[in-house]
Amino acid sequence: MKEELLSPGANSVGPSGEEGPRESPEPAPSVRAQARRRRSRREERRAQLVRLLEEDPFLTDEELARRLGVSVQTIRLDRHALGIPEMRARVRRVAQGEVDSLRSLVEEDLFGFLEELRLEERGRSHLAVERVHTFRHADIARGHILFAQANSLAVALVDAPLAVTVSASVRFLRPARVGDRLVAQAEVVLREGPRRRVRVVTEALRPGGVREVVFSGEFVVQEIAHARGDRS
């Protein structure tokens, strides 16, 4: 018996002699439809980027890339398209108003970037841990880096031409590493004449959104009534 081969797409004949339904291939999505989907995803991602930076203007490109699941280069392209400056420029813009309130320190003496400063009340600063802050043989930040950030913030709270640290009691609770962002929060808890007792707690914001307290301390800071060069 001679067999007939059916070509692809030809009708098949069932036992009753009736033709079965013709199967047609799924139509490929159009180029325009694909472009619309890409544009929609890009617009949604950029809207998310704006929301994240409104919540925390100090997020780095690396942190944004992790949260949005894209490359660092994509984040940079999105920032450029949206007119958003890099993190350091955003920090300077946000911090400038707070720096103008400083009395007991000049900006160059502050270790870290000011986010908030309410003289005689509270303050907050942040510092991104970089390789220059660590031991040569490890990615752990040296202790005096955390101390310097906390101490300078404590002194900055004093509303006087000059203030110095008289004593400090500190605890290093966990190591801070390269890639962490150290957020120090300080509060004046007691004022006695020219002295203030300031409590400082520093958290590390780690990759992936994990937060851990890495440092705490109490600083006794004393104002100096007449600083050298002060003519008031």
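The values are calculated or read from the model by the stated rules, or taken from the named source; none is laboratory data. Note that the structure is a prediction, hence the values are computed from the model and not measured. With ideal geometry, Cβ positions are generated from the backbone for all residues, glycine too; neighbour counts draw on all protein chains shown.
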The condition of being modelled with pLDDT of 90 or more and not hydroxyl-bearing (S, T, Y) holds, among R103, R142, only for R142
For region 137-149, pairs from a residue that is farther than 18 Å from F113 by Cα and not assigned by TED's automatic domain parsing to the domain that holds V200 to a residue that is among the basic types (K, R) and part of a helix (DSSP H, G or I), with Cβ under 9 Å and 6 or more apart or across chains, are none
Checking V210, V188 in turn, the sole residue that is at pLDDT below 90 and not basic (K, R) turns out to be V210
The residue from E187, E218, E192 that alone is of a type in the set (D, E) and free of Cβ contacts under 8 Å to residues at least 12 places away in the same chain is E192
S169 meets each of (1) under 19 Å from the mean Cα position of the chain (by Cα); (2) among the small types (G, A, S); (3) more than 30 Å from E86 (Cβ to Cβ) with one exception, condition (1)
Of those in region 185-208 that are in a strand (DSSP E or B) and small (G, A, S), the residue surrounded by the fewest Cβ atoms within 10 Å (Cβ to Cβ) is A204
Counting only helices (runs of 4 or more DSSP H) wholly inside region 44-163, the ones holding at least 1 residues that are more than 14 Å from the chain's Cα centre (by Cα) and surrounded by 17 or more Cβ atoms within 10 Å (Cβ to Cβ) are 72-82, 87-99, 143-156
### Flag if A168 is in the same structural domain as D109 (by TED's automatic domain parsing) and buried (at least 17 other Cβ atoms within 10 Å of the Cβ)
no
